[in-house]
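Below is one structure, written out as structure tokens; the observations come after it.
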Amino acid sequence: MLGWNTKIVNDCICMPNQPPIKRCAIYSRSSVEKDNRDPFDSVSAQFMACAEFVGSQVSRNWTLVSALYEDRGYSGSHLRRHGFQSLLADTKRGLIDVVVVHRLDRLTRNLSDFQQIIAEFNAHNVALVSVTQQLDMSHHVGRLATNILTSFAEFEREMVGQRVKEKRAATLQNGRWQGTSCPFGYRIKNDCLVIDAAESAIVKELFSRYANEESVTALIRNSDERRVRIKRWLTRTGKQRGQHPIKSYG
């Protein structure tokens, strides 16, 4: 039985006090580039979890925007990310009401950057929701908890970076080479750098000519005319790199 304040318009039941539509944008990020061998990566998993959460908020009249905001192969230590910058631009244009992330560290791992992001969101009346952490930033306790979590994310990023540096230093000290590419004049054999005779001769020639005061521009032009190219190599995700002319980075 319908209540006294329920209206029927064009044979449709309209409930009173329906909340306004909230346009929700999902942002997902991964520090690892997409692996073509596995189409369901971390970014896809984050999006699905966030989309499911937005769908569960139908009573609050939440709706998902059609635009995708995602970044693959980008660290959370900076904001120079194409997907994030698109999100920020649409936020400033008033196209978004709620930004949904899987975890706060997907948005950033830098406390000062996080405070800058929140200031931008507040300036345009945009709410931020973390699906797995259930944070309400409209309350001062929620803002405190958010800052603490972001500080821990920043600390974790710095610790991971320090461990990577220590591992690389120990590996190099033991004579092993890390990475999928190697310096021009060498090749990788059994995880070690060994001299490539043909490339080594070119390197020695270039250094000798430079020591005799031949200009870098002339050396690069001559190398290009001789079709000297950096060796081809593959990234861990199977992308081809290299095979370009020697360049000057001065």
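The values are calculated or read from the model by the stated rules, or taken from the named source; none is laboratory data. Owing to the predicted nature of the structure, the values given are computational and were not obtained by experimental measurement. As a convention, Cβ positions derive from the backbone with ideal geometry for all residues, glycine included, and neighbour counts pool all protein chains shown.
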Does at least one position in the stretch 57-64 carry a residue that is among the basic types (Lys, Arg), at pLDDT below 95 and surrounded by fewer than 16 Cβ atoms within 10 Å (Cβ to Cβ)? yes
I'm told ILE117 meets every condition in (1) assigned to a helix (DSSP H, G or I); (2) within 21 Å of PRO20 (Cβ to Cβ) except one. Can you identify the failing condition by its number? (2)
Restricting to the stretch 93-120, name every residue that is of a type outside the set (Lys, Arg), surrounded by fewer than 21 Cβ atoms within 10 Å (Cβ to Cβ) and over 18 Å from the mean Cα position of the chain (by Cα). GLY94, LEU95, ASP97, GLN115, ILE118, ALA119, GLU120
Please enumerate the residues belonging to the stretch 214-234 that are surrounded by fewer than 13 Cβ atoms within 10 Å (Cβ to Cβ) and in a loop (DSSP other than H, G, I, E, B). SER215, ARG226, ARG227, ARG232
Quick one: is ASP71 at pLDDT 90 or above and assigned by TED's automatic domain parsing to the domain that holds CYS24? yes
Cβ pairs under 8 Å, 6+ apart or interchain, first in the stretch 52-77 and in a helix (DSSP H, G or I), second of a type in the set (Ser, Thr, Tyr), ordered by first then second residue, are VAL54/THR63
